[in-house]
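Chemist: Before I ask anything, let me first share the structure, which is written out below as structure tokens.
The values are calculated or read from the model by the stated rules, or taken from the named source; none is laboratory data. Predicted model, so just to flag it, every value in this text is computed and none were measured. Cβ placement follows ideal geometry from the backbone for every residue including glycine, while neighbour counts extend to all protein chains displayed. All accessible areas refer to the heavy atoms of the entire protein, side chains included, with ligands and DNA or RNA removed. Shrake-Rupley method; radii C 1.70, N 1.55, O 1.52, S 1.80 Å.
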Amino acid sequence: MLDFLVKVGMLSITLVVQALPAILPIAALPPLDVQFTNVSIDLNFGGLSINGPPCLGWYNPAEQFDSSTNTYFSSMKTMSGTSFGNWSIKFDPIPHGSHDLNMTLQFNLTSNSSEIQSMKNIFFIPFGCKHGSGATGIQWPPNTALRNGYYNGNNGADAPAVLLIDYGSGSMIPYVPGNVPNITFGTNNGNPYGWQLTVGVSEIYAGKTMTVPIAVRFNLGSTTTQEDVLASLQPVFDDFREKFPMAYTWSDRRPVAMMFVASGQYATSVNPNGYHGAGPAYNLTTRAGVEAFRAGMLQSANTSAQSIMQRVGENNVAAHPQAVIVWDIEGESDPWATYVGAPNMLKEIAPHMNDIADEFLAVWKDAGFRIGLTLRPQELVENSAWNKSVPVGKKPFRWIQRNYYRADNSTDEDAYVKNLAAKASYAINRWNVSVFYVDTVGNKNGLLPYAIFKRLKEQFPSVLWIPEESDYMYHRYTSPLGDLWAGKDVARVWPNAMEVGLMQNCCPKWNASTVESFGSIVCNGGALMFDGWWWNSDKNPVVQEAYEWAHNHSFKPPCSFGQRP
């Protein structure tokens, strides 16, 4: 064990580096060839080589490596812009036959001031390697957006702390055994020298000790598949599932129909909400126009429920749709927010639709389908600058969507829950709605906290929530919308997790390969979402045949990962 004391003004930090035995079983891979060669490390890399490529060494010629103790010393450049000293890390001895490099970081903070009891947001780079071909990118986790080159992967409990870096002739997987919370674990693979593993500690408290084990698994050779590589770390995913078990399962994985009844291009002074249907353009200022509107809307609903949706499932009960989501029942009048998502304000927004909504939605209900609507988490308020003389679709718009913030500009979770719960309660009580697509799940602070949907799921346990945007933890409480399927990766943790694949955005025209691809999505527990207001000859047949393909494979391999509920 090594202790290093660092002082920052009235604060002092003791960094204790302690060896940790390997956590995960060793797979049948070639042993690591690890060599510690130099006492001093140059500006780029040196001192440690693993299977050839040099590692360590980051931009500071003062860095040095003690080969007698396998201890690496480096300058800690800044914390909140202030230089504060050094840190060190000791690498465990590499057992013969191992392919894991193990490290352990332990932090102890002491404070000389009663006013300063913690230090926040400490980031450092304990490790990195250079490869001649360069890292080709982070291959896991799925649907990950890099923020300034870094993936914030385990901030509290956002996702299993596993990263896969592919460098062509092999791959490396940094991971945190035990999924230690309250750290940010990521990488910057855009650096010309190679890739950097970054670790951030959200907060260290005075008088407390925080230990973070870190390991890097090396997989040699370019023939190893991503599936095999990640399968070797299944204990990390299992540990995450034990800490954060699945909160619900929606067992019905049949397809979902989308229904659109309006478009801004049809919005006029006599049809301000832009409704379209089976007949000519509507004039809602006349009795005849209102009657034509009702007839057209009901004809569109019947075409959807009695023709298109029946056709999708006509040859396979597994493909018989479970629900329809009417995306825009309030119409589309203001171009800044296409989908209003406030059914509890339908009377104020679209009184003519409000008058026929019960009859309109009953068409699908009477045909045996669940009813779904769109919600937005924002507050819908009337713009005080608007008046009736403003042309439709022109500023100032009549309606404004407002997000909820606390006095310190943090996200007001309570307000979002209250908003969505009020809208959902109205729709459930009036129309027995059981599926909600939630549009624009974010604000200036980023994605809304998943805890909002945790609370909604507890309040409405029989509802299927489909948020437009999501992260890993959203899958515990919702079935997120997905353009491309990431479900099998989520299923490494939660085998019964579900995503709803938006066919409108994600697939080409019909062909055998497309059918098999989306059939695999169904096999892995996904549901497909298709055009329910017209017969899309390119994509609706893919839905039909994808479910048939999955049925023919009994929802088992080659459907591969996960299990069907």
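Chemist: In segment 323-335, is there at least one residue being in contact (Cβ under 8 Å) with a residue 60 or more places away in the chain, within 25 Å of N383 (Cβ to Cβ), open to solvent by less than 60 Å² (accessible area, probe 1.4 Å) and of a type in the set (F, W, Y)?
Modeler: yes
Chemist: Now, a different point. Given the residues R455, R476, R430, R398, which is the only one that is without any contact (Cβ under 8 Å) to a residue 60 or more places away in the chain and not aliphatic (A, V, I, L, M)?
Modeler: Only one candidate qualifies: R455.
Chemist: Can I ask one more? Here are some conditions: (1) in contact (Cβ under 8 Å) with a residue 24 or more places away in the chain; (2) open to solvent by less than 40 Å² (accessible area, probe 1.4 Å). G446 meets all but one. Which one does it not meet?
Modeler: Failing condition for G446: (1).
Chemist: Scan V363, V417, V433, V441 and give me the residue that is among the β-branched types (V, I, T), in contact with an Asp or Glu (Cβ under 9 Å, 6 or more places away or on another chain) and at pLDDT 90 or above.
Modeler: V441
Chemist: Scanning for something within 21 Å of G264 (Cα to Cα) and among the small types (G, A, S), does segment 359-382 turn up at least one residue?
Modeler: no
Chemist: Now a separate question. Can you find a residue in segment 382-400 that is aromatic (F, W, Y) and surrounded by fewer than 17 Cβ atoms within 10 Å (Cβ to Cβ)?
Modeler: Checking segment 382-400: at least one residue is aromatic (F, W, Y) and surrounded by fewer than 17 Cβ atoms within 10 Å (Cβ to Cβ).
Chemist: Of the residues V381, V435, V417, V392, only one is more than 14 Å from the chain's Cα centre (by Cα), under 17 Å from Y248 (Cα atoms) and of a type in the set (V, I, T); which?
Modeler: After ruling out the rest, the residue left standing is V435.
Chemist: Let me ask something additional. Within segment 149-162, is even one residue open to solvent by 10 Å² or more (accessible area, probe 1.4 Å), outside any strand (DSSP E or B), at pLDDT 60 or above and out of contact with any helix residue (DSSP H, G or I) (no Cβ under 8 Å at 6 or more places or on another chain)?
Modeler: The answer is no; no qualifying residue exists.
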